[in-house]
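> Submitted below is the structure of interest, expressed as structure tokens.
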Amino acid sequence: MEDHQTKTSIRRWLYSAHFKDFVEQSADEILGEMTRRAGGDLDLTQNNAWQEQIEVLKTLQLADSEHSSAKIYFEYTIPRLGRRADVILIVGHVLFVLEFKAGESQFNISALDQVWDYALDLKNFHDASHGICIAPVLVATKAKPQTIELQRTLHDDDLVRPIRANADDLQEVIAQTMDFLKAPRIDISNWESGRYLPTPTIIEAARALYAGHSVESISRSDASAQNLTVTSKAIDQIIENARATGKKAICFVTGVPGAGKTLVGLDVANRHLDKDSDTYSVYLSGNAPLVAVLTEALARDKVRRSSYSQTPVRIGVARSAVKAFIQIVHHFRDACLVDDRPPTGHVVIFDESQRAWTHAKTADFMRRKKGIPDFEHSEPEFLISCMDRHEDWAVVVCLVGGGQEINTGEAGISEWLEAVLNRFKGWEVHLSPSLVESEYRSASSLAKILPLQTTRQNQDLHLATSMRSFRAESLSKFVREVLDMEEDAAKTLAEVSARYPIKITRNLDSAKQWLRDQARGSERYGVVVSSQAQRLKPHAIDVRVKTDPVKWFLDGKEDTRSSYYLEDVATEFQVQGLELDWACVVWDGDLRFNGSGWSHHEFKGTRWNRINKLERQIYLKNAYRVLLTRARQGMVLVVPEGSETDPTRAADFYDPTYNYFRALGLPELT
């Protein structure tokens, strides 16, 4: 039976009908429509699961007042997660998300998180679901009868905790939930035409792109956001113009932390994976933890998806395939050192290009590790020279994060501009106008390159809206103001804290409990610290112990090495480019407020030493900038109490910093 959609609605389901029509329609007809819309042959397991779901749902006896108006949807697509919820059932004022585990007698944690994630996705990213009551229900069809527990969460947003039910409990679950939640009736036509405005994590986005979803389907498209597709199309145009005219071009894409620069790069590379194509593109990053996490995430997802097909893929094969898509920049560099032919592709995308090495660091590395004395190039200059080997055309895409240089020898974007000025003046330069902002530290180089006839400024190369902190788009502005001690910080905090909680405390255990209380479903949380935080060992935090970023970001709540366990901590080096839903930032005496500014320190031997070199001061401040912009939904800052008996943890190393945060108006955990 075909459902009637409004003209503006987007069909995100395989089957839908008013509940009374669903009950009257035969199971074979329903299965036939779902199979046809799913695209053909399905395995027996899926057909059997649908058959059982249909049988269970047809036994429901809704109240007379709801029977004709209720509506049911099978296989509702959740684009951000790249999956489909089994059933959406709208009855009166409640939307039920039903996840069936056919033949199961247990309710495992991952399944409960799964149905909660679906409900959260609707609540957070589907605009017509923001203000409605949503009840996630996990149905283990062979489980024993369950005590029905209805619980709200601390967020008080009309989304209840997952409800456990067996096949026979479902009737009572619906009735009790309808009584428990009070709200106006859901306008089904309005709900169907609601816009889906997702802000996926970079891991979720990479999985979706690699699985064949478009960037449009997994990114925001509302007027308040700089649509990622606009930037992707601007890059496509630069590539096509260079190819058509036989020119060489370099473009610089900027964006606030979490705006989706990496996603843009992955999108361009993913659409040009064919090595035989003229526009074959390679995505490169110098961020080894990011590459490791994304590679493993995509490989695991490929194995998972293939398990539903007739040709399952082994994890080793999946990892090899992903490595052709995402590569470490140093592997590309080293290949060009031993082979002076042009690289395979005409297009190369350098993510976090501000972290490329200065000439001094590159020359030192080449001498020590490669046996090449007197190496003449900075890393940016050498990388451009590799692409310059193409006789016809080439494009270099630099994805640039402002204020993100966090390690000694990272050149910043000015080194790329100087390379063009000194050796590659024939290349076209396409710039985001935002490169003039202070955090990019490229003013002198820009002053020389902007007047050139080969330079083009393009506003579409800047991503102004953070996707990461979808609850507070001005978070990066607030963090900048806090670190720069600007007087507007308190005013910005009022804007941010309306939907994005930021708390402060002196107690690490209280902060950890706050994370656990805030997180719902599989929302990821963890503890992050500066790599210079050497005196947190009394709090069981030792930055010298290396955390495996793959385990930390990808493994589940049962794994002691995962972020969920709140035992292993990650530093700026492990988290840059990645994100958490909820973060605990633990502050040490390396960056201290002294009443008028920040004091920068490193711990060596038995005491703290002041950092006097401006470049290293900037790296330390940027480290905290990275930490403070990791959380998508909220964070807690821990500034520990000092010690009367330990001079390396004196109270005046910590108290002024805590008081500075309190003076800004940050609320204390109670």
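> Which net charge results for the neighbourhood of Gln327, defined as the other residues with beta-carbon distances under 14 angstrom from its beta-carbon, given Lys and Arg at +1 and Asp and Glu at -1?
+1
> Please turn the phi angles of the range 627-641 into ³J(HN,Hα) values with the Karplus equation 6.51 cos²θ - 1.76 cosθ + 1.60 (θ = phi - 60°), one per residue in order, whole Hz, x for glycine and proline.
Residue by residue, the range 627-641 yields 4, 6, 10, 8, 8, 7, 10, x, 8, 10, 9, 10, 10, x, 5 Hz.
> How large are Rg and Dmax for the range 298-404 when calculated on the C-alpha trace, in angstrom?
Rg then Dmax for the range 298-404, in Å: 17.5, 56.
> May I ask for the Kirkwood hydrodynamic radius of the range 147-284, worked out over all distinct Cα pairs and given in angstroms to one decimal?
This gives a value of 19.2 Å.
> Still on this structure: Using per-residue counts of other Cβ atoms within 10 Å, averaged over each peptide, order 259-266, 457-464 from highest down.
Most protected by this proxy first, the peptides run 259-266, 457-464.
> Within 10 Å of each candidate Cβ there may be at most 15 other Cβ atoms; applying that plus a DSSP loop requirement, which trypsin sites (Lys or Arg not before Pro) in the range 351-457 survive?
Lys370, Arg389, Lys425
> Helix 109-125 sits at what angle to the longest principal axis of the chain, using alpha carbons and giving 0 to 90 degrees rounded to 10?
80
> Relative to the longest principal axis of the chain, what angle (0 to 90°, nearest 10) does the C-alpha long axis of helix 359-369 take?
It works out to around 80 degrees.
> List the residues, sorted by chain then number, that are 5 or more residues from Ile611 or on another chain and whose placed amide H is less than 5 Å from its amide H.
His600, His601, Glu602
> Peptides 635-643, 153-161: what's the order by average Cβ count within 10 Å, highest mean first?
Packing proxy ranking, top to bottom: 635-643, 153-161.
> Which whole-Hz ³J(HN,Hα) couplings does the range 288-299 yield from phi under the Karplus relation 6.51 cos²θ - 1.76 cosθ + 1.60, θ = phi - 60°, glycine and proline marked x?
Once θ is set to phi - 60°, the couplings for the range 288-299 become 4, x, 4, 4, 4, 5, 5, 4, 5, 4, 5, 5 Hz.
> Follow-up. Before I look further, what does the chain give for accessible area per residue, probe 1.4 Å, in whole square angstrom?
41
> Can you tell me the dipole magnitude for the range 23-67 around its Cα centre, using point charges on the Cβ only (Lys, Arg +1; Asp, Glu -1), in Debye to the nearest 20?
Dipole about the Cα centre, nearest 20: 120 debye.
> While we're here: Round to a whole number: what % of the accessible area of the chain belongs to carbon and sulfur, probe 1.4 Å? Mind dumping the intermediate values first?
Values: 12860 of 27460 Å².
Its accessible area is 47 percent carbon and sulfur atoms.
> OK, next. How large is ³J(HN,Hα), in whole Hz, for each residue of the range 611-620 in order, when computed from phi with the Karplus curve 6.51 cos²θ - 1.76 cosθ + 1.60 and θ = phi - 60°, using x for Gly and Pro?
Ordered by residue, 3J(HN,Hα) equals 8, 9, 6, 4, 4, 6, 4, 5, 4, 5 Hz.
> Over all distinct Cα pairs, what is the inverse of the mean 1/r for the chain, reported as the Kirkwood hydrodynamic radius in Å?
Computed over Cα pairs of the chain, the Kirkwood hydrodynamic radius comes out at 27.0 Å.
> Now for a different question. Scan the range 523-597 for GluC sites (Glu not before Pro) in coil per DSSP, keeping those whose Cβ has at most 12 other Cβ atoms within 10 Å, and list them by number.
When the GluC sites (Glu not before Pro) of the range 523-597 are filtered for loop state and at most 12 Cβ neighbours within 10 Å, Glu558 remain.
> Spit out the partnerless Cys residues in the chain, using Cβ distances under 4.7 Å as the pairing rule.
Cys133, Cys251, Cys398, Cys584
> Using only DSSP helix segments of four residues or longer, with each worth -39500 (n - 2.57), what per-residue ellipticity at 222 nm results for the chain after dividing by its residue count and rounding to 500?
Working: 25 runs with 250 residues, N = 670.
Roughly -11000 deg cm²/dmol at 222 nm, from the helical runs in the chain.
> Shifting gears a bit: Excluding Ser434 itself, calculate the net charge of residues whose Cβ lies under 15 Å from the Cβ of Ser434, where each Lys or Arg counts +1 and each Asp or Glu counts -1.
Net local charge, Ser434 excluded: +2.
> If you don't mind, there's one more thing I want to ask. Which log10 I(q)/I(0) values, to two decimals, does the range 254-341 give at q = 0.17, 0.19, 0.21 Å⁻¹ under the Debye formula with one point per Cα?
-0.85, -1.01, -1.15
> So for each of 621-634, 104-117 I average, over its residues, the number of other beta carbons within 10 Å; can you give me the resulting order with the highest mean first?
Those peptides, ordered most packed to least, come out 621-634, 104-117.
> Beyond 20 Å between alpha-carbons counts as too far, so tell me which of Lys58/Lys101; Lys58/Lys142; Lys20/Lys71; Lys71/Lys144 fall in that bin.
Values: Lys58/Lys101 17 Å; Lys58/Lys142 17 Å; Lys20/Lys71 8 Å; Lys71/Lys144 28 Å.
The pairs that break the limit, which is 20 Å between Cα atoms, are Lys71/Lys144.
> Assuming R0 = 51 Å, what is the FRET efficiency of Val230 and Asp43, from their Cβ-Cβ distance, to the nearest 0.05?
0.80
> For the range 601-649, what ratio Rg/Rh do Cα atoms give with a Kirkwood hydrodynamic radius? Write out the running numbers ahead of the final one.
On the way: Rg = 14.1 Å, Rh = 13.3 Å.
That ratio equals 1.06.
> With charges set only on the Cβ (+1 for Lys and Arg, -1 for Asp and Glu), what does the dipole of the chain come to about its Cα centre, in debye to the nearest 20?
Charge dipole, the chain, about its Cα centre: 1520 debye, nearest 20.
> Cα to Cα, under 18 Å, and not fewer than 8 places away if on the same chain: which lysines meet these conditions relative to Lys621?
Lys477, Lys613
> With +1 assigned to the C-beta of every Lys and Arg and -1 to the C-beta of every Asp and Glu, and no other charges, what is the dipole magnitude of the range 338-480 about the Cα centre in debye, to the nearest 20?
380
The values are calculated or read from the model by the stated rules, or taken from the named source; none is laboratory data. This is a predicted model, so every value here is computed, not measured. A quick note on method: Cβ atoms are made from the backbone with ideal geometry, for glycine too, and the neighbour counts reach across all protein chains shown. Quick note on the areas: whole protein, heavy atoms, side chains included, nothing else; ligands and nucleic acids left out. Shrake-Rupley method; radii C 1.70, N 1.55, O 1.52, S 1.80 Å.
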